[in-house]
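This report refers to the structure that appears directly beneath it.
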Amino acid sequence: MTKPESARILIVEDEQILLDLLAQHLQKEGYAVITAQSGEEGLELARSQHPDLCVLDVMLPGLDGLSLCRILRRESNVPIILLTARASEIDRVIGLDTGADDYVVKPFSLPELTARIRAALRRSLQRNSGLLRVGDVMLDLMAHRVFVGEREVKLTPKEFELLATLMRNRGVVLSREALISQVWGYDFNGDIRTVDVHIRWLREKLEEDPANPKHLHTVRGVGYRMD
Ligand code: CA
């Protein structure tokens, strides 16, 4: 996604008339629109089409909007706006930890929904366009590039992920286990010393004196910290 206007929006709504109305309106606003009429179909489309934002009706037959929202939130940071119909639903939407970014109460006006969508996309764009900086090390998440001062450093995908994780948690000691699960995934079943090897490679690429690192610190018996 480069600018909010070109974003792709998934709408999951079982009421055909409302679904068509929303789809037409958002297309007129310049968005690419994908539609689904059930939670299951919505989940499948979200996984295969990677929309930039999801609008989910809470009351859906089968997999309901709140459950779908929780599943999507576990899998990605896609902004989610819930459509709720009744006061009792609003309580559930707010009360439960669904991970939704916003909600709109039916009946709503189309300009109101559009404004919420625009705001959620803007927040998401800001969140994702982050540059991470620690000292003279700069990591560009969008462009997938790393610089030390003016010099660009080429990293492998795992080195990049490891560095981004350490930079996001600047000043915090992360255990090898935590780094393994965040970078390699919880189902990684290789050697935990993989982390040490990657840290060594990162030091060789980033540090002026890899033997006396300025940024990538070993905290003995605990793990690694970047600052
Ligand atoms: Ca409904």
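If you filter the range 46-70 down to residues that are crowded, with 17+ Cβ neighbours inside 10 Å, in a helix (DSSP H, G or I) and within 17 Å of the chain's Cα centre (by Cα), you find that the one that is nearest to the ligand (Cβ to nearest atom) is Leu68.
For the residues Arg86, Arg73, the requirement of being within 12 Å of the ligand (Cβ to nearest atom) and at pLDDT below 95 singles out Arg86.
Looking only at residues in the range 194-227 that are among the charged types (D, E, K, R) and without any contact (Cβ under 8 Å) to a residue 12 or more places away in the chain, which one is surrounded by the most Cβ atoms within 10 Å (Cβ to Cβ)?
Among residues in the range 194-227 that are among the charged types (D, E, K, R) and without any contact (Cβ under 8 Å) to a residue 12 or more places away in the chain, the one surrounded by the most Cβ atoms within 10 Å (Cβ to Cβ) is Glu207.
When only residues in the range 10-45 that are aliphatic (A, V, I, L, M) and over 21 Å from Pro107 (Cβ atoms) count, which is nearest to the ligand (Cβ to nearest atom)?
Ala36
Within the bounds of the range 149-164, is there any residue that is assigned to a loop (DSSP other than H, G, I, E, B) and modelled with pLDDT under 85? No - not one qualifying residue is present in the range 149-164.
Just one of the listed residues (Gly99, Gly130) is closer than 30 Å to Leu10 by Cβ, without any contact (Cβ under 8 Å) to a residue 60 or more places away in the chain, surrounded by 12 or more Cβ atoms within 10 Å (Cβ to Cβ) and in contact with a helix residue (DSSP H, G or I) (Cβ under 6 Å, 6 or more places away or on another chain), and it is Gly99.
The values are calculated or read from the model by the stated rules, or taken from the named source; none is laboratory data. Keep in mind the model is a prediction, meaning the values are calculated, not measured. Neighbour counts run over all protein chains shown; Cβ positions are idealised from the backbone, glycine included.
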